[in-house]
Structures are given as structure tokens and as C-alpha cells.
Amino acid sequence: MNTITLNVKPVKLTDEEFYQLCQVNEAWRLELTAKGELLIMPPLGGKSGKREARLISKLWVWNEQTNLGVVFSSSTVFRLPNGGKRSPDAAWVKLEKWNNLSEEDQEKFPPLCPDFIIELRSRTDKLEDLQEKMLEYLDAGLCLGWLINPQQQQVEIYRQNQPKEIISLPTNLSGEDVLSGFILDIPII
């Protein structure tokens, strides 16, 4: 099954309406782009789920040691400043930024852009859609993002005010100054 895209821009869902839509359709993975497109995404297969779990666990272990922020799974929807409601495969937010949110904002869909995200391309994902998503994150304030593309054995690195960098797998990725000391070894996957 592929992602289904519905143009709902004329409807203009409020943050609360989108939240309620997700709550009553909890079996579906829903996102809303900044352009007003509702995305209905299929569940992950075994290989993608295994890869995603590995990435989140590596990020979580680093964060447990540093206690610099909060790690989120792909089930978390972020309300981006540019209007998108997006769920990266793995995300990290600086602790101070997270702690500045109200209890309600922490409980529902946090109104912020993560400082760091990982998107992992599954076999049903269109590369162009994920690249557009990465640009949407950058527009919303993302500091560092990795788009891992097993199909082409490469990683695209996105940074504020810099051109996209593409590197081949296997590689070691550095969290740079965003995730100080975080190194992710990515074998050929």
C-alpha cells in the first residue's frame, strides 16, 4: 500500500480538529503538509520497522548519557510553525525547548519543530516526497536532518542555510554541534 494524498486545503483544519481526526482514526498514520495535503500512510513492514527501532535506540542511548533533550518516535506528530503537522521517523528536541511547553502542548501534538530528525525511506516511499518533507522541516527551523535512503545506499544531510550533502553508505554520521558527541554508524542496509 502506498501513501494516499488528499488535498484538504479548502477545509482548513484547525490544530484541534487535526488532533481529533488523528484520535478517532488511531489505526492510521496521518500527517498534514504545510501546503494543506492530508497524507494517509501505510504501516511499516518488518525491515523498515527494525531499521527505525535501531535508529531510535541509538539516539535514545546517546540522550540518556547526555540528558540534553528528549527523543521521540515516529508516532509523534509535531505542529510545525509553517502549518505542517509532521511525524519524523526519529526526532530530538532540546530539553529547554521541550520544558518551555505547557503540559497540554506536551500531551497533545507539540507546537514546535524538532532540532534534529531522521527520515528513513521505506520501499513504498517516494524519494521526492521525503526530500520535500525535509525542506519543510528546514523551513520550520530544523537544525540538522538525515534522510537515510537504503534503496540507493546513501544519506542526504540537511542543515540550515547550507546545500544538501549526499554521502554513500556505509558511513558514520556525526550529530555535529546539534547532538554533540553523537555518532551513528550506518552499515550498508
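Can I get the semi-axes of the range 74-130's equivalent ellipsoid? Compute them from the C-alpha gyration tensor as square roots of 5 times the eigenvalues, in angstrom, largest first. Walk me through the numbers on the way to the answer.
Details: eigenvalues 110, 26, 18 Å².
One finds semi-axes of 23, 11, 10 Å for the range 74-130.
Divide by every residue of the chain the summed helix terms, -39500 (n - 2.57) for each DSSP H run of at least 4, and state the resulting mean residue ellipticity at 222 nm, rounded to the nearest 500 deg cm²/dmol.
About -9000 deg cm²/dmol.
Could you state, as a whole-number percent, how many of the C-alpha pairs of the range 105-189 are farther apart than 19 Å?
The answer is 40 percent, as a whole percent.
In a shell of Cβ-Cβ distance under 10 Å around residue 39, excluding residue 39 itself, what net charge do Lys and Arg (+1) and Asp and Glu (-1) give?
Taking every Cβ under 10 Å from that of residue 39, the sum is +1.
Count charges around residue 146 for me, please; just the other residues with Cβ under 14 Å from its Cβ, Lys/Arg as +1, Asp/Glu as -1. Provide the component values of the computation, followed by the final result.
Values: positive: 51, 54, 58, 121, 133, 159, 164; negative: 52, 89, 115, 119, 156, 165, 176, 185.
With Lys, Arg at +1 and Asp, Glu at -1, the net is -1.
In the range 97-144, with Lys and Arg counted as +1 and Asp and Glu as -1 at Cβ, which of these residues, 143, 114, 127, has the Cα nearest the positive end of the dipole, that is, farthest along it?
After comparing all options, I get 127.
Can you pull the Rg over Rh of the range 42-85, Cα-only, Kirkwood?
Result for the range 42-85 is an Rg/Rh of 1.06.
What net charge is computed for the residues neighbouring residue 132, neighbours being all others with C-beta under 14 Å from the C-beta of residue 132, Lys and Arg scored +1, Asp and Glu -1?
-3
I want to verify a result. In a Gaussian network model of the chain, Cα cutoff 10 Å, which of these has the top mean-square fluctuation: 18, 116, 78?
Of 18, 116, 78, the most mobile in the Gaussian network model is 18.
Within 10 Å of each residue's Cβ, count the other Cβ atoms and sort 115, 15 from fewest upward.
Values: 115 20, 15 14.
Starting with the residue having the fewest Cβ neighbours, the order is 15, 115.
From the C-alpha gyration tensor of the range 1-48, pull out the three semi-axes of the equivalent ellipsoid (sqrt of 5λ each), sorted largest to smallest, in whole Å.
21, 13, 7
What is the magnitude of the charge dipole of the chain about its Cα centre, with +1 placed on the Cβ of each Lys and Arg, -1 on the Cβ of each Asp and Glu, and no other charges, expressed in debye to the nearest 20? Each step should come with its number before you reach the end.
Numbers: 21 positive and 27 negative charges, 114 e Å.
So the dipole magnitude of the chain works out to roughly 540 debye.
Treating the Cα atoms of the range 45-186 as identical point scatterers in vacuum, please give the log10 of the normalised Debye intensity I(q)/I(0) at q = 0.10, 0.17, 0.20, 0.21 Å⁻¹, two decimals.
Debye intensities relative to I(0), on a log10 scale: -0.30, -0.94, -1.34, -1.48.
Hey, which of these cross-link pairs are over 25 Å Cα-Cα: 12/94; 108/133; 47/94; 85/164?
Those over the limit are 12/94; 47/94.
The numbers here are math on the coordinates, done by the rules we state, and not lab data. None of these values were measured; they are calculated from a predicted model. Virtual Cβ from ideal backbone geometry, glycine too; neighbours counted across all protein chains shown.
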